[in-house]
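Here's the structure we're looking at; comments come further down.
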Amino acid sequence: MMQKSNMMNVEEFQKLLKPVTEFVAHRAINAELAEELNSHFPPAGATFQAVEHACHEAIAAGWMCAHGGDGRRYGRVIEPSEQTGGLSVDVVDLTDIVGPHHRHPTGEVCMVMPISENALFDGRGKGWCVYEPGSAHQPTVTDGEALVLYMLPQGKIEFS
């Protein structure tokens, strides 16, 4: 008889994220959303910490951040669907890197989870940041390693 694994799977991860995806799904993707997310799902709060822990567990299990190599591992975790309010979910593990330039046709909502104490993502520490529709950047992690979970409305991203 097989024992049930205590490891998180994609379906459980999607359920864990549901309060966040529901919160984001019907709001404008703008700077105010970042403030609202930092207020409703603060880095010291239960939801943020549970998602962060689940990301580390899933990476260790090998199904998250399964592509790439040293300094830049990545992967789409969840495709956009009705269950996610039309948001895709990707997670990247970046170490002291300037990533590939890309544009966000519908915006991007990022959950920044430093692994190294002083690591920054695009100059920001632990918490939420939002890139408005039409914005573009080169995702940059300085001063160590960080995980970034990002949600894209309709899964849209354009690499340049």
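Please treat every number below as a calculation from the coordinates, not as lab data. Everything quoted here is computed from the prediction, not taken from an experiment. Counting neighbours? That spans all protein chains shown, and the Cβs are built from the backbone with ideal geometry, glycine included.
Which order results if Phe41, Phe159 are arranged by neighbouring Cβ count within 10 Å, fewest first?
Working: Phe41 20, Phe159 8.
The fewest-first ordering by Cβ neighbours comes to Phe159, Phe41.
Once the other residues with Cβ under 9 Å from the Cβ of Leu147 are scored (Lys, Arg +1; Asp, Glu -1), what is the net sum?
-3
Any chance you could check the Cα centroid distance between the range 13-50 and the range 122-160 for me, in angstrom?
Spelled out, the Cα-based centre of one part sits 15 Å from the other.
So which aspartates and glutamates pass the test for Lys15, namely a Cα distance under 20 Å, with those fewer than 8 places away in the same chain ruled out?
Glu52, Glu57, Glu79, Glu82, Asp90
Which ordering of Lys156, Lys15 is given by a fewest-first count of other beta-carbon atoms within 10 Å?
The most exposed by this proxy come first: Lys15, Lys156.
Take the alpha carbon atoms of the chain, find their radius of gyration, then divide it by 2.2 N^0.38 Å using N residues; give the quotient.
With N residues counted in the chain, Rg over 2.2 N^0.38 Å equals 0.98.
Can you work out the FRET efficiency for the pair Gln14 and Glu35, with r the C-beta to C-beta distance and R0 = 25 Å, to the nearest 0.05?
Approximately 0.50, to the nearest 0.05.
Among the complete DSSP H segments of the chain, which ones combine at least 20 Å of alpha-carbon extent along their axis with a mean Kyte-Doolittle hydropathy of -1.0 or more?
Within the chain the helices that satisfy the rule are 46-61.
Is there a quick way to get the dipole size of the chain? I mean about its Cα centre, with the Cβ of Lys and Arg at +1 and of Asp and Glu at -1; what is the value in debye to the nearest 20?
So the dipole magnitude of the chain works out to roughly 260 debye.
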